[in-house]
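Novice: Pasting a structure here, questions to come.
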Amino acid sequence: MVARSNRVTIHDVAKAAGVSVSTVSKALNDTGRMASETREKIKSIAADVGFRPNALARSLLFNRSFTVGLLTNDTYGRFTLPLMSGISEALVDHGVSVFLCAIEDDPALAKVHVDAMLDKQVDGIIATGKRVDRSLPVDLAGLPVPVVYAFTEGVPGSVILTADDSDGARLAVERLRKVGRKRIVHVTGPDSFVSAVERADAFRQAVGPDALVMHGAWTEAWGHEAVTMLWGGDKETPDGIFCGNDQIARGVVDALREKGVRVPEDVSIIGFDNWEIFADQTRPALTTVDMNLKELGRTAGLTILDLAEGRAVEAGLRKLPCKLVVRQSCGGDREI
C-alpha cells in the first residue's frame, strides 16, 4: 500500500490563517484586493507551515509553465555552465526552473530537443554555444515562444547577447601599460574566429597599427611555439604578451620559464577567459580577462522572463563588458 502524502495544502494554510481558501489563493498569487499587511501575513504563514504551490495549478492560473529551456552545443560546458549558473540565479526568485538540453552538433538531436521543449510548453528558450560566430544546428526562427541568443549567433531581428571582446582587449593593454610594458605583442587564436579578429583589431587600435599579432591554434602548444618564434631571431623581444585565451597564455609562461625568462619580472603575461583550471594553476597565476559569462547568463535569464511576460525588449546585438582579474603574471596581485 502506498502511504498518503503529508504535503501541506492550501486548505491547511487557510485554516492556519483563519481565512478562506480563495483569500489564500489571491494572497499567494498577488491577485485581488486586500491589505498589504494581510497579504504578507498569509505569505508568511504559508512559508511557516511549509506550503508549496501546486505547479500544475499555478501553470493553469497564469497560462505559463514557469520553465525555460537552455539549448547548447557546448557539450564540454566551458561556456554553458557559467551561463547556466547566471540564468538559474536570475530566475529562481521568480519561480522559474531551467532545464539544459545538450545537442552537440547534431541537427536531428537538436530538433528532438526543441520539439520536447515545445511539448512541455516552456515559457522561452535560451540558445547558447561554443563560439559567437556560429549558429546552432537548428532553426529557432518563428517558434511560438520567445528565444534569446547568448554567446552564439542569432537570427535577424532576435535578441543576441555576447561579451565585448574589444573591451576585454583594451583592458588587457591598459593593464600592461600601467605596469610599464612598452613592447607588447598579441598571441591569439585562428583569424577564422570573429572573437580572435575583434580582440586583434582592438589590440592594434590600442597599441598601434603595426603592433605584432600572431594567429595560431587555441592551444598551449601554440603559445609555446610563439615564444620560440619571438625569441628565435635578432629582433628585440617583447616585455608584455597579451594572449587570446588562457591555454595559449599557459603555454607562453611555460616556454618562457624553459628559456630562463622571468614572469612577470622580465615579461608580463595576460590571458583571456579566466578559465580557472588554467589561470589559477599556472605558475605564476594568470592575470586574465573574464568575459563575465555568469552576468551574461543573468541578463539572458531576465530578458527571456521579460519576453515571456509580454514586456517589450529591443532586438539586436548587445555586448556586455568584460572585467580584468588580476593575479601575478602581469606584475603582482595588487591593483596599480
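Novice: Please verify whether residue 191 is in contact with an Asp or Glu (Cβ under 7 Å, 6 or more places away or on another chain), within 28 Å of residue 269 (Cα to Cα), open to solvent by 10 Å² or more (accessible area, probe 1.4 Å) and in a loop (DSSP other than H, G, I, E, B), treating the condition exactly as stated.
Specialist: Here the answer is no, as residue 191 does not meet what is asked.
Yes/no matrix, rows are residues, columns are (1) farther than 30 Å from residue 210 by Cα; (2) in contact with a Pro (Cβ under 8 Å, 6 or more places away or on another chain); (3) part of a loop (DSSP other than H, G, I, E, B); (4) of a type in the set (A, V, I, L, M):
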residue: 137; (1), (2), (3), (4): yes, yes, yes, no
residue: 142; (1), (2), (3), (4): yes, no, yes, no
residue: 152; (1), (2), (3), (4): yes, no, yes, no
residue: 160; (1), (2), (3), (4): yes, no, no, yes
residue: 171; (1), (2), (3), (4): no, no, no, yes
residue: 174; (1), (2), (3), (4): no, no, no, no
residue: 177; (1), (2), (3), (4): no, no, no, no
residue: 182; (1), (2), (3), (4): no, no, yes, no
residue: 185; (1), (2), (3), (4): no, yes, no, yes
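Novice: While we're looking at this one, here's another question. Name the pairs: first residue in region 158-183 and of a type in the set (Ser, Thr, Tyr), second residue assigned to a helix (DSSP H, G or I), Cβ to Cβ under 6 Å, at least 6 apart or on different chains?
Specialist: Within 6 Å, the pairs are 166/198; 166/202.
Novice: Quickly run through region 276-300 and pick out the residues that are over 12 Å from the mean Cα position of the chain (by Cα) and open to solvent by 20 Å² or more (accessible area, probe 1.4 Å).
Specialist: 276, 277, 278, 280, 281, 283, 284
Novice: Of the conditions (1) within 23 Å of residue 189 (Cβ to Cβ); (2) open to solvent by less than 70 Å² (accessible area, probe 1.4 Å), residue 321 fails just one. Which one is it?
Specialist: Just one mismatch for residue 321, condition (2).
Novice: Here is a further query. Given the criterion under 23 Å from residue 283 (Cα atoms) and either at pLDDT 95 or above or buried (at least 17 other Cβ atoms within 10 Å of the Cβ) (or both), identify the matching residue among 153, 220.
Specialist: After ruling out the rest, the residue left standing is 220.
Novice: In region 193-223, how many residues are of a type in the set (Gly, Ala, Ser), out of contact with any Gly (no Cβ under 9 Å at 6 or more places or on another chain) and either touching a residue at least 60 places away in the same chain (Cβ under 8 Å) or within 18 Å of residue 163 (Cβ to Cβ) (or both)?
Specialist: 1
The values are calculated or read from the model by the stated rules, or taken from the named source; none is laboratory data. Bear in mind the structure is a predicted one, so any value in this text is a computation, not a measurement. FYI the Cβ positions are ideal-geometry reconstructions off the backbone, even for glycines, and counts take in every protein chain you see. In case anyone asks, the SASA skips ligands and DNA or RNA and just uses the protein heavy atoms, side chains included. Shrake-Rupley method; radii C 1.70, N 1.55, O 1.52, S 1.80 Å.
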